[in-house]
Amino acid sequence: MSTKPYDQAFKYLAEQDPEALLLLCGAIREGEQVRVERLSQELSISVKIPDQLYLIERTGVKEIAHIEAQTVYIQEIPTRILDYNLRGWIKYQIPIYSYLLLLTSDGLPQDQGNLEQHSIIIGGLELTVRYHIIKLWELSAEATLASNNDDLLPFVPLMSSSEEILLLAAQRIQAISDEKRRQELGLHFFFLSGLRYTNEQILSIIGGGGMIPIEQLRHSNFYQFILNEGRQEGRQEGRQEGRQEGRQEGSLIDARESVIDNLEVKFGSVSKHIVEAINKIEDLVLLKSLRRKAIQVTSLKEFEQILN
């Protein structure tokens, strides 16, 4: 799994509280008496590594829950899940059930009729895999809060929720007595929020919830990721002028800055022609999409291809 911030939030949940993750995906039920064991991700016959594998035992019956977490749906996912199922069966010889946890709806095809099934035919070999898709944005954030499972709180911003629910989630994290755990969950909360909300909205939630004092945030690395204070003076003036000229223009300036800031935080410097191209964009929806892509890409060249 990659080391992107939102992937780290999933990895933290997967390692710290497997039962919560399995409940979230529906692999086990609330109150069910099961034994859960985290299996090795390495399948010796393959260099490919699945996200998470868990052995679940119910009254002597064993099964494996395989969970893949994706920020964006890509066409290769069904083939990848089939591959992991086949290799997992060869290694463990235990029934495997796969769950695809989608953090956002990005990339999902319009026709989702057979999205939870994939087949391949190779000569005389025919394989079919069936798996469950968990769309995080369709899950109830209110129900998650009611479950009193703090490890799920960072995922609340991506669920079906309101600002009031987000504020409650922020306050719940702030109330955690263990400082290290509170900071880790807070950090994951911030980064996952960035997949759905603007930088200003996130900062408003953080400040409103009293999660971490603003002055303390100003000296933290993740604050720089959320709201980069190293903006050029000219861009800052442009932002102020944009707000005076009208809310729409101000929103465009904010969105452009968010894209550029995210690129600068991730890659250091950004070439002049990329900055100029971003500053020419007048479509707010497109800019919001590019802001998310700036977090997801692995290189400036990849982002430039998307921009072109």
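The table below gives the values:
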{"read-out": "Complete set of residues in the stretch 166-176 that are open to solvent by less than 10 Å² (accessible area, probe 1.4 Å) and of a type outside the set (G, A, S)", "value": "L166, I173"}
{"read-out": "Selection count, the stretch 160-179, where residues are within 15 Å of I202 (Cα to Cα) and either among the β-branched types (V, I, T) or touching a residue at least 60 places away in the same chain (Cβ under 8 Å) (or both)", "value": "2"}
{"read-out": "Hey, K272 of a type outside the set (F, W, Y), modelled with pLDDT of 70 or more, farther than 21 Å from V156 by Cβ and open to solvent by 80 Å² or more (accessible area, probe 1.4 Å) or not", "value": "yes"}
{"read-out": "Filter result for F191 (buried (at least 20 other Cβ atoms within 10 Å of the Cβ) and at pLDDT below 85)", "value": "yes"}
{"read-out": "Residue that is open to solvent by less than 30 Å² (accessible area, probe 1.4 Å), at pLDDT 50 or above and more than 26 Å from L103 (Cβ to Cβ), where the choices are I253, I260", "value": "I253"}
{"read-out": "Residues (modelled with pLDDT under 90, open to solvent by less than 40 Å² (accessible area, probe 1.4 Å) and not hydrophobic (A, V, I, L, M, F, W, C)) located in the stretch 30-55", "value": "S46, P50, D51, Q52"}
{"read-out": "Hits in the stretch 56-70 (condition: farther than 18 Å from H132 by Cβ and at pLDDT 90 or above)", "value": "E57, V61, K62"}
{"read-out": "Top-ranked residue in the stretch 74-86 [being among the β-branched types (V, I, T) and open to solvent by less than 60 Å² (accessible area, probe 1.4 Å); ranked as modelled with the lowest pLDDT]", "value": "I74"}
{"read-out": "Leading residue by the ranking (farthest from I120 (Cα to Cα)) among those in the stretch 63-73 that are in contact with a helix residue (DSSP H, G or I) (Cβ under 9 Å, 6 or more places away or on another chain) and either open to solvent by 10 Å² or more (accessible area, probe 1.4 Å) or of a type in the set (G, A, S) (or both)", "value": "T71"}
{"read-out": "Residue count for the stretch 265-304, restricted to those that are under 19 Å from Y197 (Cα atoms) and either of a type in the set (S, T, Y) or within 23 Å of the chain's Cα centre (by Cα) (or both)", "value": "16"}
{"read-out": "Matching residues in the stretch 152-165 - criterion: being surrounded by 15 or more Cβ atoms within 10 Å (Cβ to Cβ) and farther than 16 Å from L103 by Cβ", "value": "I165"}
{"read-out": "Residues of the stretch 67-86 satisfying the condition of being of a type outside the set (G, A, S) and either assigned to a loop (DSSP other than H, G, I, E, B) or touching a residue at least 60 places away in the same chain (Cβ under 8 Å) (or both)", "value": "T71, V72, Y73, I74, Q75, E76"}
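The values are calculated or read from the model by the stated rules, or taken from the named source; none is laboratory data. Because the structure is a prediction, the values reported are computed rather than measured. We place every Cβ from the backbone using ideal geometry, glycine too, and count neighbours over all the protein chains shown. The area values use the complete protein model at the heavy-atom level, side chains included, leaving out ligands, DNA and RNA. Shrake-Rupley method; radii C 1.70, N 1.55, O 1.52, S 1.80 Å.
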